[in-house]
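Here is the structure we will look at, set down as structure tokens.
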Amino acid sequence: MNQPKSGMSRRNPYYPAFDLLLAKLLAAEQALNVSEAAFGHATDSPQEWLERIPNGEMLGTLADICDDSIPGFVKHIPSLRIPDQETDCLLRAFRDFRAQSYLWAIARAFEAFREFIEAIEKELPDTADAGTVKGLVSGTEQKGRKRFAEVLCAVRRAAPHLVECENSNVRGICLSQWICVVAAVRHAVAHSEGVLRDVDYEKYRNLGLEEHFPGEVEAHTGYVLKPTPEVAKKTIRTLREYGVAIYKFVSEARDLPARLVGQDGEITTWRR
């Protein structure tokens, strides 16, 4: 009787976290598709966008929720088809809202990736190297908030071949630098409405900030992120591919099964 190959019959402790990462990133990608369908033709020129709006007077919108006897309404806009200052303000607000939706999609995708890294690190064997990295974590962070960079460092130590992939891959990018930029973008989205301070802009522009996450430098504000749907989708896709590499190399380092395609060609990851 043929004996199973080493590791093939063993449970892979990294699989649940990997499976959840793929599920969350797929959900983020689908949410982007839904947003694009809802926004419709908002990427058209202002005039083309306005021409798609039904002509005629728009109804007033209730403005006073407290007084049901004499409710107040915002003023009517005769027609958005006639470009004017109010129309320009509306278009800007619409596109700002749209850009924020892309930023939050990127931020949530990074958070899913960070949770995946933390879950992987928890399952690492208790080796001397891993213990050394864990010793770097401060007392406050030991209560459940480990620094992302230190956790990722622990994963790299457990899977040395991951570093080769980070530096040489089909995307042609340095993943270790790229993920630092994504982390900075996530921080800007969560804490400053998608604006990087001048000092952070100068720090991360050398790591490819403008290339991967377009925006504009505004005086007295900072670097204002203005991502496109393509940027958001590419970010999610790269996080997925990065996650696959981590799952693969960490599993192989422990001789654990990490096949992505089954014997019959079926995808073995994220099955419900």
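Read the figures in this text as sums done on the coordinates, not as results from a lab. What you see is a predicted model; the values in this text were computed from it and never measured. For neighbour counting, all protein chains shown are included, and Cβ atoms are generated from backbone atoms with ideal geometry for every residue, glycine included.
In table form, for the structure just shown:
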item: Ranked list, fewest to most other Cβ atoms within 10 Å of each Cβ, for HIS191, HIS220; result: HIS220, HIS191
item: Dipole magnitude of the range 150-272, debye to nearest 20 (Cβ charges: Lys/Arg +1, Asp/Glu -1, about Cα centre); result: 440
item: Residue order, fewest to most surrounding Cβ atoms within 10 angstrom, among LYS24, LYS122; result: LYS122, LYS24
item: Residues LEU207, LEU26 arranged by fewest to most Cβ contacts within 10 Å; result: LEU26, LEU207
